[in-house]
Amino acid sequence: MPDDKVKDTGDHLTSVEPLRPALDTADTQQARNASASELEAVRKANPDASDGSATPRNRTAIYAAALMAAQDKSIELFDREASGQEKLVAARVMPEVSRALLGKENLEQQSKTVEELTKQAKENPVYEPILALRKHADGLDPGQQKDMLIQLSKVQTDELKDLFRQAEKKPVDQGQPSKEITIARHNYSPNDVLAYNNQQKDIATDTTNARAPKSNQELDNRPMYNLGLEQKEASLFSTGVGYLEGYKKPEITTQVLFERVAALPLHHQALVLSAGIQAYRQELDHQQYRIAVGQITGVGESVVGMAQGADSLGKSICEAAQFSKDIVENNPRAGDTAEAAGQSFGKLLVGGIRVFDAADHYLGSVGAASYEGDHTKAFRDISELGQQMNQKWQSMSPEEKTRLTTRLAMDNLGPIAAAGAVNKLAKSMDVVGALQDLGKTASTFGGRERDKYQRFIGEIIEQCEPEAVTNTGHRLKWRDVSKTAEQAADENISRMSPWFEKGKKMAIESGSKRAAELTGLPEEQIKKLVKEDPRALERMTNGQMIYMEKVYRETYLTAHPEYRNYPKPFEVHHRIPQDVLERHPQLFSHREIHDASNLVGIPYDTKTHAPIKDLWRDYFRDNNMPSRQDIIDFANKVDEANKRHYLP
Amino acid sequence: MKFFQFSPQCAGTTGDETICPDWSARPVILHKLQFELESWPEDDLIEATIQGYAGTTTLADAINLAGLTGVTFDRLDMIKGDQFWLWENEHQGETIPEYLWFKFPGIAGKDDFGQVAIKGIFDLIVSEKTLAVLKQFKIENCRIKDFDPSLLVAQS
């Protein structure tokens, strides 16, 4: 009886009051709230677990035997103590690399594995991060690190295969979880999750249509309309978006789906999150992502509400990752997206998903040496954001923390809940961990309470954003950055097309068409290619075409964010003028001309831009065939004479 | 007759739609002029770097009326540069007058308008009579220098 259990737990806690401080720690709470699958994950990770054989041999023993076998291939560092006795300081066992591993057959086997993994990733995006890991590993020089990562990718693949195999065994016609799962203090039975019986077989969300021919396979692809906040069923779907025709109550809510993801072991959570980032950066198919999330959580892809839940998950993690990237890269865009990103983090955390822990765990599992791999970039950014938030938090005085958390908690949670939240956060050194704990706790509350906590967590994250550091060493709070210059530029500068062609100063319209002509590739393929690798077009056309997304004024302001709120209007001046792109296209590329190093700010009221233009006009009139160096030298002369007017 | 070097206000540059068969030729010969404004055109005669000249229709009328030689007029395509909005903010309520493409096929030192290609010399050479007409208009941002006709002999 679930109710009795809850009641019993409450009584028990009251009766052991002296133990409360110990029970209040994050680890204890996590252990108490651990779900069945989390327990299973821990069991699997236990090195001393029995392998189930008649002659019990635990993993420690197996590993010890392996060590013994390879004992002559180890590195050990000894230090001699004062007594003359040697003391082992550090040791590393060199894994035995079998010659067979380097054999032709083995190499073929390896490439076959990559091929299989590629095929799997094509069908199921949750395999993408593993494929990326495997590719990264393959690119490494032979050695321990490479072997470790290859092994890890194999283990992860096997684990995922098992997980999906289990999901496939479930009855497809119902698509419901076969077992009861425990998430935090809530017990969800399949009946709770799938209480609504879908009778309308002719619409896209039933299982029949989900397996329809390819053209009809897009799930939940029905016309949508905004139901507004007054919708009575709002608690069932937090996005406020429903279906125009044949509306059906969701069988699974976004919150429940998030909780199911949160119930997965951390490294599986990381894979789901990583696939979500890729899917919502348009690198992967959304439908495949939804199917994968449906399978891995055991919900089934065709359940009503699944598509919305997966969309919400993918968008939230994508926004959180993008914001983390912008913060880490000092991109001023972070100032604009902070609020939305805060909400996304809040949603994920209140869904019980420990985003920061998942990122850290994933990075830890692939080993520090592979941190530089592209596939870990999003997690590195999230992890870095977490660290920066903690640093910021630790730099605040206790009074500041209390004042901030009290204000935000009172505004969002109300006086009763505020006390507990403020207490936990203000005293915490690890604000990220505390927010994750708070989110996990809030995930057990009702819909309205969760919304409040989501807002609260989002606002705390916004307040903990690190400061922007400009090239000149100035520190700016993102919040304080005036958008005036940027807004003005946005309003007045027509968004340039990102396609540039040699011989023309300005970006060219229909650039993708021109790029397709030059490369002989389909236009869509070119568009996708430059999104993945902006320099690819340059290489393919031997510099004839260049893809650059940034407008040069934005490039300048990114390099000098302190001038975003500069009180005087100023022009961004090209030290080497853009004219050379048209008149001497062989001398400089668009990338060089619009590079931050070629840009200076000249306040409008100095009236310096006009005389500089006169100097260049005279120069070009008198020098009809200048060399690259001639132009650079003249630009330096112009700088020397006018730099006092440039923004410092 | 006395002649002068005349360098009009440089208000912009030639846009990508400008047609020029050879940018290294001096004087530059344009087949089409797209004038890209980079600053507010204060004067009645302005230049787009390099050697793309534009003048107001009122100035063109005055030149015709005065019977000046060595100049023809054509239509041009005038566009705003990507930071021109800064100038528009400073000139709110003002409008840019209509400009024509001023071409100078005349012979320097002989016609009222002409072009030369001599290092260190402004390329537009105008007669005293022309300067008198120009001075009736806004030419505050131009540069004017005496012109030594012997340079033409040296060039030839």
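The values are calculated or read from the model by the stated rules, or taken from the named source; none is laboratory data. Please read all numbers here as calculations on a predicted model, not as lab measurements. Note: ideal-geometry Cβ built from the backbone for every residue, glycine included; neighbour counts use all protein chains shown.
For segment B:83-90, the condition of being assigned to a helix (DSSP H, G or I), without any contact (Cβ under 8 Å) to a residue 12 or more places away in the chain and away from chain A (no Cβ under 14 Å) holds for none of the residues. Considering (1) in contact (Cβ under 8 Å) with a residue 40 or more places away in the chain; (2) farther than 30 Å from A:Glu571 by Cα, the lone condition that B:Cys142 does not fulfil carries the number (2).
Go over the candidates A:Gly511, A:Gly520 one by one and state the one that is surrounded by fewer than 15 Cβ atoms within 10 Å (Cβ to Cβ), over 30 Å from A:Lys568 (Cβ atoms) and modelled with pLDDT of 60 or more. Please lay out each step first, then the result.
Values: A:Gly511 fails: surrounded by fewer than 15 Cβ atoms within 10 Å (Cβ to Cβ).
Just one listed residue meets the conditions, A:Gly520.
Quick one: is B:Glu94 more than 22 Å from B:Thr18 (Cα to Cα), within 14 Å of chain A (Cβ to nearest Cβ) and not in a helix (DSSP H, G or I)? No.
Is segment B:53-68 home to any residue that is touching a residue at least 12 places away in the same chain (Cβ under 8 Å), surrounded by 17 or more Cβ atoms within 10 Å (Cβ to Cβ), of a type in the set (S, T, N, Q) and within 14 Å of chain A (Cβ to nearest Cβ)? No: segment B:53-68 contains no residue that is touching a residue at least 12 places away in the same chain (Cβ under 8 Å), surrounded by 17 or more Cβ atoms within 10 Å (Cβ to Cβ), of a type in the set (S, T, N, Q) and within 14 Å of chain A (Cβ to nearest Cβ). Note on segment A:566-584: among residues that are of a type in the set (A, V, I, L, M) and more than 14 Å from A:Pro603 (Cα to Cα), the one that is farthest from the other protein chains (Cβ to nearest Cβ) is A:Ile576. Could you list all residues from segment A:265-313 that are modelled with pLDDT of 75 or more and among the hydroxyl-bearing types (Ser, Thr, Tyr)? Within segment A:265-313, A:Ser274, A:Tyr289, A:Thr297, A:Ser312 meet the criteria.
B:Gly93 fulfils the conditions (1) under 13 Å from the mean Cα position of the chain (by Cα); (2) of a type outside the set (Ser, Thr, Tyr); (3) on the phi > 0 side of the Ramachandran plot except for a single criterion, (1).
Every listed requirement among (1) surrounded by 19 or more Cβ atoms within 10 Å (Cβ to Cβ); (2) out of contact with any Ser or Thr (no Cβ under 7 Å at 6 or more places or on another chain) is met by A:Pro611 save one, (1).
Selection of first residues in segment A:374-389 that are not assigned by TED's automatic domain parsing to the domain that holds A:Gly433 and of second residues that are modelled with pLDDT of 85 or more and assigned to a helix (DSSP H, G or I), restricted to Cβ pairs under 8 Å at least 6 apart or on distinct chains, gives an empty result. Within the set A:Ala641, A:Ala596, the sole residue that is without any contact (Cβ under 8 Å) to a residue 40 or more places away in the chain and of a type in the set (Gly, Ala, Ser) turns out to be A:Ala641.
Total residues in segment B:1-39 satisfying the condition of being away from every other protein chain (no Cβ under 11 Å), among the hydrophobic types (A, V, I, L, M, F, W, C) and either in contact (Cβ under 8 Å) with a residue 40 or more places away in the chain or crowded, with 16+ Cβ neighbours inside 10 Å (or both): the figure is 8. Restricting attention to segment B:111-121, the residues that are surrounded by 23 or more Cβ atoms within 10 Å (Cβ to Cβ) and either farther than 17 Å from B:Val153 by Cβ or touching a residue at least 60 places away in the same chain (Cβ under 8 Å) (or both) total 2.
To keep it simple, each residue is scored yes or no on (1) buried (at least 19 other Cβ atoms within 10 Å of the Cβ); (2) away from chain B (no Cβ under 14 Å); (3) free of Cβ contacts under 8 Å to residues at least 60 places away in the same chain.
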position: A:Leu557; (1), (2), (3): yes, no, no
position: A:Arg564; (1), (2), (3): yes, yes, no
position: A:Leu587; (1), (2), (3): no, no, yes
position: A:His590; (1), (2), (3): yes, no, no
position: A:Asn624; (1), (2), (3): no, no, yes
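Of the helices (runs of 4 or more DSSP H) lying entirely inside segment A:389-447, those containing at least 3 residues that are among the basic types (Lys, Arg) are A:398-412. In this entry, B:Glu42 is excluded by the filter for residues that are away from chain A (no Cβ under 14 Å) and surrounded by fewer than 19 Cβ atoms within 10 Å (Cβ to Cβ). Selection over segment A:536-547 of residues that are surrounded by fewer than 22 Cβ atoms within 10 Å (Cβ to Cβ) and not in a helix (DSSP H, G or I) gives a count of 4. Once segment A:504-535 is narrowed to residues that are part of a helix (DSSP H, G or I) and of a type in the set (Asp, Glu), the residue that is nearest to the other protein chains (Cβ to nearest Cβ) is A:Glu517. Flag set for A:Phe570, criterion: surrounded by 20 or more Cβ atoms within 10 Å (Cβ to Cβ) and either modelled with pLDDT of 90 or more or farther than 30 Å from A:Arg514 by Cβ (or both). The residues of segment B:118-154 that are within 14 Å of chain A (Cβ to nearest Cβ) and of a type in the set (S, T, N, Q) amount to a single one, B:Asn141.
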